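Just below is one structure, and these are the notes that go with it.
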């Protein structure tokens, strides 16, 4: 069904007029609603101007305070807006994690081999150089157990766990 441009304009204009008439009738119905009490602010302002010296002006007869009160909810009423949390705590593991030593804080720098004596290894941590041999303690946290190329074995003393460090075959 094809509608010409002229017919389309007449239909849209008629729809606009009907919409405006419906909106005007709704406004008139809202004004005549007997359940709504409107305060006349012009009378209240005039009374306040007249009684500027008075301590407390009397209540306005135009406002019905009893209609503003809301009845109390019954005791068994459920709170519709109560806070709700959807957080589900993770299950508690019965297996305790095995303590592990932190990664070795040392960097291998080199080693020195002397005839008839044990090897000396040079380790570096935070710009400090440590010269260690078998049985030496480093900062009360580590002890050197064995130095046998290509591996050096250290013990992390707080947990008594052994760790190894690669030191190479020969310099």
| query | Using 7 Å Cα-to-Cβ label points, what is the residue 112/residue 169 separation (nm, one decimal)? | reply | 2.5 nm
| remark: Note: residue 65 to residue 93 extended length (0.36 nm per residue) minus current alpha-carbon separation gives 4.0 nm
| field | Computed E for residue 100/residue 80 - FRET, C-beta separation, R0 41 angstrom, nearest 0.05 | value | 0.20
| remark: A student applying the Cα gyration tensor rule (rounded when a/c is under 1.5; otherwise prolate if a/b is larger than b/c, oblate if not) would label the stretch 71-171 prolate
| remark: Fraction of alpha-carbon pairs in the stretch 107-166 farther than 13 Å apart, rounded to whole percent, equals 60 percent
| query | Under a point spin-label approximation (7 Å from Cα along Cα-to-Cβ), what is the residue 18-residue 130 distance to one decimal in nm? | reply | 9.2 nm
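If contacts are Cα pairs under 8 angstrom and at least 6 residues apart, what is the relative contact order of the stretch 107-166 in percent? Working shown, then result.
Working: 106 pairs, mean separation 11.4, N = 60.
Averaging sequence separation for qualifying contacts and normalising by length gives 19 percent for the stretch 107-166.
Every read-out reported here was derived from the displayed coordinates using simple, explicitly stated rules and does not represent laboratory data. Here the structure is a predicted model, which is why all the values come from computation and not from measurement. Glycine also receives a Cβ, built like all others from the backbone with ideal geometry; neighbour counts cover every protein chain displayed.
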